[in-house]
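The values are calculated or read from the model by the stated rules, or taken from the named source; none is laboratory data. Worth saying up front: this structure is predicted, and the values here are computed from it rather than measured. Virtual Cβ from ideal backbone geometry, glycine too; neighbours counted across all protein chains shown.
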Amino acid sequence: MFAELQTIPGPQVLWWALTPLLLLSGGGLLLLTLSSLRANLPRWVSTTWVIGISTAAFISLFPIWNRISEEGPRTFLADAVGIDHSSLFITGILILVVVATTLLSHSYLQREDLPEIELYVLLLLAAAGGIVMASANGLIVLFLGIEILSLATYVLAAYHLRRIESQEAALKYFILGAFASAFLLYGIALIYGATGSTNLVEINAWLSKNILFEDGLLLAGFAMLLAGLGFKVAAVPFHAWTPDVYQGAPSPVVGWMAAGVKAASFAALLRVFVSTFGSYSADWRPALAALAIASVLGGSIGAVVQKDVKRMLAYSSITHAGFLLIGVEAATERGTTATFTYLAIYAFLAVGSFAVISVLGHEGDNKHTLETYKGLGTRKPVLAGAFTVLLLAQAGVPFTSGFIAKFGVIAASVEARSWTPAIVAMLATAIAAFVYLRIIVSMYLSEPSQEGSVSVDLGSRIVIAVSAALTIVIGVFPSFLVDLANNAIPILVGG
Amino acid sequence: MEVTTTWYLVLAAALFTTGTVGVLIRRNPLVLFMCVELMLNAVTLTFVAFGSALGGLSGQMAVFFALVVAAAEVVIGLAIIVAIARRHPTTAIDDFSTLRG
C-alpha cells in the first residue's frame with residue numbers, strides 16, 4: 001500500500017508514434033546548439049541537415065501509418081495526443097513543405113546575405129507545432145500547437161533584416177495573431193465551462209449525451225474558437241493581415257505560411273468542429289458557410305485590383321481558404337476527404353508559385369509587380385511555362401490538380417445539400433480566373449521589360465519542377481491521392 | 001451578498017472586452033500589446049473560475065499553459081517591436097503603412 005503511494009504514475013507514451021515530431025523538434029534544437037558551438041558552419045551543412053532530418057521524419061511515417069492501420073488510432077500522454085491517419089497525412093504535407101521551403105531558402109538566404117541557421121530552426125519548430133495541432137486530442141494541446149507554430153512563423157516573417165517591410169509585416173501578423181489567439185483561448189475556456197472538459201473525446205461524448213436548454217455559453221465558445229481559427233486560415237472577415245504579411249515577409253517563408261500554416265490550421269478545424277462538435281453541426285454550419293462565401297468572394301474580388309503579384313496570390317490564398325471551408329462546412333466524410341485532398345494539392349501549388357515569385361524577386365526581394373513578369377515567356381520559357389501550369393491549376397482548369405481539388409469540395413457541398421456556398425464558389429472561380437489569366441497574359445503577350453537577367457538556382461528548379469509536374473500528374477491520375485485522403489478521416493479515440 | 005462564480009466570469013468578460021476595445025482603438029504597439037495581455041489574463045481568470053466551479057484540476061492546469069504561452073508571446077512581441085524601434089524611433093502603428101495594395 002505504502003509502496004504504491006510512493007510511485008507517481010507517469011503517463012503512457014507511445015514513442016514510435018511521436019517519431020516525426022521528435023525528429024523535427026530535436027533536429028531543430030540540435031542544429032541551434034551546433035551552430036552556437038561552431039561559428040561559421042558552412043551553409044550546405046545546415047541545409048543538408050534539415051533536408052536529412054525531414055527525409056528521415058517522412059520515411060518514419062510509413063511504418064507508423066501501417067501500424068495505425070493494423071492497431072487502429074491510438075491515444076496517449078493522458079489522452080492529450082491522438083495519432084490517426086489524418087494526423088499522419090497532415091504531418092506528411094508539413095514535412096514536404098519544410099523540405100521545399102528549405103530548398104528555396106538555401107539560395108534565397110545566400111542572395112539576400114542573411115543568416116541561415118535560425119530560419120531552419122524556426123521552420124522545423126513551426127512544423128513541430130503544426131504536427132501537434134494535427135494530432136491534438138485536447139483543446140489545450142491544440143492551443144499549444146497553434147502557438148508553437150505561430151510564434152515561430154511571426155519571427156520568420158520578420159526574418160529579412162534589411163527590409164523594413166518584413167518587420168512591418170511581422171508586427172502586423174504578431175499583433176493580430178496574438179489578438180486572435182486570445183479569442184481562441186477564451187473560446188476554449190467557455191467550452192470548458194459549458195462541457196466540463198477540454199478533452200475532445202470527452203467533449204464529443206458529453207455533447208452527444210446531453211441536450212442543453214441554455215447553450216449560450218457553448219455557442220459563444222464555438223464562435224470564439226471559429227474566430228481564432230478563422231484568423232489562422234485567413235478567412236474573410238479575419239483576413240486583413242494576409243496581403244500585408246504576404247507582401248512583406250520573405251518569399252520562401254510566404255510559401256510556408258500559405259501551404260504549411262493553412263494545412264495545420266485546417267486539420268485543427270476539422271478535428272474540432274467536424275469530429276468533436278459534430279452533433280451541434282446545425283449550429284455552426286451556417287457560420288462556416290458565411291465565412292466560406294465571404295472568403296471565396298472577398299478573395300477573388302480583392303485580387304482583381306492588386307498590382308503586386310505577391311498580394312494577388314495572398315488574396316488567392318484567401319479564396320482557397322474559402323474553398324477549403326466549403327469542404328469543412330459539408331460536415332460529412334466526403335467533405336473531410338475533399339478538404340484533405342485540397343490541402344495536399346494546394347500545398348504544392350502554393351510552394352511552387354512562391355518559388356517562382358522568390359526567384360523573380362531579384363536581390364532585395366522587392367520586384368513583385370506585374371512589370372517584372374512582362375515578357376517572361378520569351379526570356380525564360382521553361383520558368384514561365386511552369387508558372388503558367390501552377391496558375392492554371394489554381395484557377396481550377398481541368399487536367400490539373402486544382403480541378404480535382406475544387407470539384408471535390410463542391411461535390412461534397414452539393415451532396416450535403418448546401419447549395420449556396422457551392423454556387424457562389426463556382427461564380428467566384430470565374431472572377432478568380434481573371435487574375436491568374438492577367439499574370440499569364442503579361443508573361444506571354446507583353447514586350448519584355450528591361451529587368452536584369454533571372455538566374456534560377458538548383459533548389460528553386462527542383463521545387464518548381466516537382467510542383468508543376470505533380471500538378472499535372474495529380475490532375476490526370478488523382479486516384480492515388482484521393483485514396484490516401486479517403487483513409488485520412490480524423491478518428492477520435494478515448495484512452 | 002455572496003460572491004459567486006458568475007461574478008468572476010462577468011469580471012473576466014469585462015476585462016476581455018476592455019482588452020479587445022483597447023486593441024481596436026489604441027495606436028501604440030506597446031499599448032496594443034498590453035491590451036492583448038489583458039485579454040489573455042481575462043481568459044486565465046475564466047479558467048480559474050470555471051475550474052473551481054466544476055471541481056477537478058484541468059481548469060487550473062490550463063492556466064499554467066496559458067501563462068507560459070503569454071510569456072513566450074511577450075518575448076517574441078518585444079523582440080519584433082525593438083527591431084522596428086531601432087529604425088523608427090516613433091512607434092505608432094499608423095506610421096507602418098509601407099505595405100498596401
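So which of A:Ala178, A:Ala249 is within 13 Å of chain B (Cβ to nearest Cβ) and either more than 25 Å from the chain's Cα centre (by Cα) or free of Cβ contacts under 8 Å to residues at least 12 places away in the same chain (or both)? Unique residue meeting the criteria: A:Ala178. The set of residues in the range A:295-327 being within 12 Å of chain B (Cβ to nearest Cβ) and aromatic (Phe, Trp, Tyr) consists of A:Tyr315 alone. Taken together, the criteria exclude A:Ala78 from residues that are at pLDDT 95 or above and closer than 30 Å to A:Thr198 by Cα.
Among the residues of the range A:99-114, some residue qualifies, meaning at least one is within 14 Å of chain B (Cβ to nearest Cβ) and surrounded by fewer than 23 Cβ atoms within 10 Å (Cβ to Cβ). Considering only residues in the range A:198-210 that are part of a helix (DSSP H, G or I) and touching a residue at least 60 places away in the same chain (Cβ under 8 Å), the one that is farthest from the other protein chains (Cβ to nearest Cβ) turns out to be A:Ser208.
In this structure, does A:Gly255 turn out to be in contact (Cβ under 8 Å) with a residue 40 or more places away in the chain, away from chain B (no Cβ under 14 Å) and not in a loop (DSSP other than H, G, I, E, B)? Yes: the conditions hold for A:Gly255. Condition check: more than 7 Å from every other protein chain (Cβ to nearest Cβ), surrounded by 24 or more Cβ atoms within 10 Å (Cβ to Cβ) and free of Cβ contacts under 8 Å to residues at least 60 places away in the same chain. Does A:Leu190 satisfy that? Here the answer is yes, as A:Leu190 does meet what is asked. Residues of the range A:161-172 that are more than 9 Å from every other protein chain (Cβ to nearest Cβ) and either farther than 30 Å from A:Glu116 by Cβ or not basic (Lys, Arg) (or both): A:Ser166 alone. Pairing each residue of the range A:138-160 that is more than 9 Å from chain B (Cβ to nearest Cβ) and without any contact (Cβ under 8 Å) to a residue 40 or more places away in the chain with any residue that is surrounded by fewer than 24 Cβ atoms within 10 Å (Cβ to Cβ) and of a type in the set (Gly, Ala, Ser), provided the two are 6+ apart or on different chains, yields no C-beta distance under 8 Å.
Within the range A:351-364, the set of residues being in a helix (DSSP H, G or I) and out of contact with any Gly (no Cβ under 6 Å at 6 or more places or on another chain) comprises A:Gly352, A:Ser353, A:Ala355, A:Val356, A:Ile357, A:Ser358, A:Val359, A:Leu360.
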